[in-house]
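J.: Could you have a look at this structure, given as structure tokens, before my questions?
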Amino acid sequence: MPNSIPTSRAEPTPKELGFHMPAEWEPHSAVWLSWPHDEVSYPYLEKAEDAFADFIHAIHDSDTVDLLALNEPMQARAAQLLTQRGTDLAKVRFHLADYADIWFRDYGPIFVVNHEKKNLAMTKWIFNAWGNKYESLLKDNNVPYAINQSLHLRIFEPGMVLEGGAIDVNGCGTLLTTEQCLLNQNRNPQLNRTEIESMLSDYLGVSHIIWLKDGIESDDTDGHIDDIARFVNPTTVLCALQDDANDPDHEVLKENFRLLEQATDQDGRKLSVIPLPMPGRVGDVHGRLPASYANFYIGNSKVIVPLFGTKHDDAALRTLESVFPARQVIGINAFYLVYGLGTFHCMSQQQPIP
């Protein structure tokens, strides 16, 4: 598929048809996941599988799970680990599919809804493995087509490179992203900021875009927003902050926090910006990993927060509990998942109810 923007379109855009991307806290009919299997990405694969299974078990009673597996033995392995946890497998729908990695949010579809007509559709963006960094992962670009063999949804294709983890929305017209990612020359060098904003508006139904600067250290996605700042309601954003002035994330996150304090929503209202601590350095002798509590997943009745075994875990949980009083906030150890350079938000994609 060419990495270019069509010069003319035979069909109206999602926005013209009344579609928009809802906020993550709006009701889901399902959550999509891909079972981990790559021992290169996960040197402690069994422990990564355990964290993955813990996540599914925690959400399955309120979020139906659509789970990709490469083959029947992998499906059986997943079913075994889930059964050991007491998971009701009737709430897990398995799909055999060819995929390379687990980061479904980045290569899967971004769903859009038309609430008036109760229609669901998918936007299918180009996935180029975060700027063509990993040739072996490029085949994940085809996953949306594979899952649509069962969903049978209308597909809108902008022809633009975009990962789901690069954006966050409040469901009312405002979108958060970073310059480091969306303006990166390894994504859409043929597009300028105004053209990118136009594409996001046309295909995700947004009217206002807030641009932050850079992402966290060791993030191979070039600054995905879901490790930095997340909407938790239409006018409130949690923003990661690093208190340690000697940490490489300190100044970067401080600047993003400042920009959010100056920002407004789509109606010109100031945002409420709440600091979310960072876990500090997480990694091993081989280097630092991109660990962030901002990579939480918002389910129908629960919020799943990645924990890393640092002294900041409890403070992060308390912050999430304060902004989601109607949901159960659950922390799950994500140390072995983050070896793959992401955690719970990166690996999931919610399917909204239209």
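J.: Looking at segment 28-352, I'd like the Rg to Rh ratio, where Rg is from alpha-carbon atoms and Rh is Kirkwood's inverse mean 1/r.
T.: Details: Rg = 18.5 Å, Rh = 19.9 Å.
With Rg and the Kirkwood Rh in hand, the quotient comes to 0.93.
J.: A further question follows. State whether segment 295-354 is rounded, prolate or oblate according to the following rule on the C-alpha gyration tensor (a ≥ b ≥ c being the square roots of its eigenvalues): a/c under 1.5 gives rounded; otherwise a/b larger than b/c gives prolate, and the remaining case gives oblate.
T.: Here segment 295-354 falls in the oblate category.
J.: What number, in percent, do you get for the relative contact order of segment 28-352 if the mean sequence gap of Cα pairs under 8 Å and at least 6 apart is divided by its residue count?
T.: For segment 28-352, the relative contact order is 19 percent.
J.: Need the list of lysines near Lys213 for cross-linking: C-alpha distance under 29 angstrom, and skip anything on the same chain fewer than eight residues off.
T.: Lys15, Lys124, Lys133, Lys254, Lys270, Lys311
J.: Starting from a Cα-only point model with no solvent, please compute log10 I(q)/I(0) by Debye for segment 1-136 at q = 0.13, 0.16, 0.22 1/Å.
T.: Rounded to two decimals, the profile gives -0.71, -0.98, -1.37.
J.: Cross-link partners among aspartates and glutamates for Lys91, C-alpha distance below 15 Å, same-chain residues fewer than 8 apart left out?
T.: Within the straight-line cut-off, Lys91 pairs with Asp54, Asp61, Asp63, Asp66.
J.: Take Thr236 and Val40, extend 7 Å from each Cα along the Cα→Cβ direction, and tell me the distance between the two endpoints in nm.
T.: The modelled label-to-label distance comes out at 4.3 nm.
J.: Identify the GluC sites (Glu not before Pro) of segment 21-75 meeting these criteria: DSSP loop state and at most 16 other C-beta atoms within 10 Å of the C-beta.
T.: Qualifying residues, ordered by number: Glu39.
J.: Can you compute 3J(HN,Hα) from phi for each residue in segment 168-184, using the Karplus curve 6.51 cos²θ - 1.76 cosθ + 1.60 with θ = phi - 60°, rounded to whole Hz and x for Gly and Pro?
T.: 9, 10, 9, x, 10, x, 10, 10, 9, 7, 10, 5, 4, 8, 6, 9, 5
J.: Take the Cβ-Cβ distance between Arg269 and Asn186 as r, set R0 to 45 Å, and report the resulting FRET efficiency rounded to the nearest 0.05.
T.: 0.85
J.: Right, something else. Where a ≥ b ≥ c are the square roots of the eigenvalues of the C-alpha gyration tensor, would you call segment 215-354 rounded, which needs a/c under 1.5, or, failing that, prolate if a/b is larger than b/c, or oblate? If you can, show how the numbers build up before the last one.
T.: Details: a/c = 1.62, a/b = 1.18, b/c = 1.37.
Oblate.
J.: Under 5 Å between amide hydrogens, which residues at least 5 positions from Cys172 or on another chain qualify, with H placed 1.01 Å from N in the peptide plane?
T.: none
J.: Let me ask something else. What does the charge dipole of the chain about its Cα centre add up to, to the nearest 20 debye, if the Cβ of each Lys and Arg holds +1 and the Cβ of each Asp and Glu holds -1?
T.: It comes to approximately 780 debye.
J.: Scan the chain and report its longest stretch carrying no trypsin sites (Lys or Arg not before Pro) that are both in a DSSP loop and have at most 14 other Cβ atoms within 10 Å. Intermediate results must be reported in sequence, preceding the final value.
T.: Working: sites that count: Arg9, Arg85, Lys117, Lys118, Lys133, Arg269, Lys311.
The longest uninterrupted stretch comes out as 134-268.
J.: In deg cm²/dmol and to the nearest 500, what is the mean residue ellipticity at 222 nm of the chain if only DSSP H runs of at least 4 residues count, each as -39500 (n - 2.57), divided by the residue total? Please list the in-between numbers first.
T.: Values: 10 runs with 89 residues, N = 354.
It comes out at -7000 deg cm²/dmol, rounded to the nearest 500.
J.: Say each of Leu89 and Arg154 gets a label point 7 Å from the Cα, pointing the same way as Cα to Cβ; how far apart are those two points in nm?
T.: 3.8 nm
Where a number appears in this text, it was derived from the coordinates with a stated rule and is not lab data. Computed from a predicted model, the values in this text were never measured in an experiment. Methodologically, a virtual Cβ is constructed for each residue, glycine included, from the backbone with ideal geometry; neighbour enumeration extends over all protein chains shown.
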